Amino acid sequence: MYFDSFEAFLAMGKHAAYVWSAYGLGLLILSLNVILPMLNKRKVVAKQQARLRREHNKKRATSQ
Amino acid sequence: MWTWFHKLSSPKWFYQISGRWLPWIACAAVLFLTAGLIMALAYAPADYQQGNSFRIMYIHVPSAILAQSCYMMMAVAGGIVLIWRIKLAEMALKCIAPFGASITFLALVTGGIWGYPTWGTWWVWDARGTSMLILLFLYFGVIALQSAISTASGAARAGSLLALVGLVNIPIIKYSVEWWNTLHQPATFKLTEKPSMPVEMWSPLLVMVIAFYLVFGVVLILRLRNEILEREHKTNWVRKLIETPIESSTTSVEKTSATKRGA
């Protein structure tokens, strides 16, 4: 461990604002990159299911 | 060899195999990222000149490396699209671009954040910074082409051309610090030489670089799987995947692919 105390760790010498904003932005960008496609998957699947249902209904309608 | 090439490029095969790989790559990514962050923030000693602001390097350098290798991978996918017209490569081109753009943006911004306490300025038109900015615009160009052209394969071919033309920028970025004597310092690490920093300083960087590549792997697989479901929606296997238990969408897809694997 390089720092003597947790306060020193948070203070990062005099560079707290620079260090923490860079790491914060880094984690934000990485996690957004993972989360967005995961959310998108739900949308994609729902869209395809709606399409399948429509086709199914159409088929039933024409066969009746 | 050609049958192998063909199998590898089949969206169905990729969808199934990537489902099996994904949890492992994701676990490794979390592991490496956590270890890298702890090493970088708490264990690496402060630089004797820059103090603690040098810790920004552990975000800046991995993102800059990944920004460039993402671009090269995108260009390779582009080459495959133009020569063999393989669908999976078209999808890869489309899926790499947004990640590449975001990671280039990260490299540029962290460069600014690091530059301010070190050089006294957020941004100068130095050769390295400017060529990275051009890289960002190249990514934007590929993304814009994907949404501007309505047919998927047409968009992919246009994007491939741009990706391949933009490839000239990669050696410019690499050698910019040697060709032009501007603000950015030359590379600290070379494959051919022993690093000039102590091991406690460069080992977190190595771990972070691996972590960034693993996160890229996770994102690429997630995006490709969505893209496959979208573009292959007329095939029987996607229909079957989507059809079964309609109530909870994401879990049902996982389940059916799991049972398929068992079968």
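So which of B:Phe99, B:Phe105 is within 14 Å of chain A (Cβ to nearest Cβ) and open to solvent by 40 Å² or more (accessible area, probe 1.4 Å)? Let's see the steps before the verdict.
Numbers: B:Phe99 fails: open to solvent by 40 Å² or more (accessible area, probe 1.4 Å).
Answer to the selection: B:Phe105.
Anything in region A:1-40 that is β-branched (Val, Ile, Thr) and more than 30 Å from B:Lys94 (Cβ to Cβ)? List them, or say none.
Pass one, region A:1-40, residues β-branched (Val, Ile, Thr): A:19, A:29, A:34-35.
Within region A:1-40, just A:Val19 meets the criteria.
Being closer than 27 Å to B:Tyr116 by Cα and in contact with a Lys or Arg (Cβ under 8 Å, 6 or more places away or on another chain), is that true of even one residue in region B:62-73?
Yes: region B:62-73 contains one or more residues that are closer than 27 Å to B:Tyr116 by Cα and in contact with a Lys or Arg (Cβ under 8 Å, 6 or more places away or on another chain).
Where residues in region B:110-135 are surrounded by 19 or more Cβ atoms within 10 Å (Cβ to Cβ) and of a type in the set (A, V, I, L, M), which of them is nearest to B:Gln50 (Cα to Cα)?
So, considering only residues that are surrounded by 19 or more Cβ atoms within 10 Å (Cβ to Cβ) and of a type in the set (A, V, I, L, M), the one nearest to B:Gln50 (Cα to Cα) is B:Ile113.
Provide a single number: the residues in region B:213-253 that are modelled with pLDDT under 85 and assigned to a helix (DSSP H, G or I).
Number of matching residues: 7.
Inspect region B:148-168 for any residue being open to solvent by 50 Å² or more (accessible area, probe 1.4 Å) and within 14 Å of chain A (Cβ to nearest Cβ) and give the result as yes or no.
Taking every residue of region B:148-168 in turn, none turns out to be open to solvent by 50 Å² or more (accessible area, probe 1.4 Å) and within 14 Å of chain A (Cβ to nearest Cβ).
Within region A:36-49, restricting attention to residues that are surrounded by 12 or more Cβ atoms within 10 Å (Cβ to Cβ) and more than 7 Å from chain B (Cβ to nearest Cβ), which residue is nearest to B:Leu222 (Cα to Cα)?
A:Leu36
The values are calculated or read from the model by the stated rules, or taken from the named source; none is laboratory data. Worth saying up front: this structure is predicted, and the values here are computed from it rather than measured. Every residue, glycine as well, gets a Cβ built from its backbone with ideal geometry; the counts of neighbours run over all protein chains shown. In case anyone asks, the SASA skips ligands and DNA or RNA and just uses the protein heavy atoms, side chains included. Shrake-Rupley method; radii C 1.70, N 1.55, O 1.52, S 1.80 Å.
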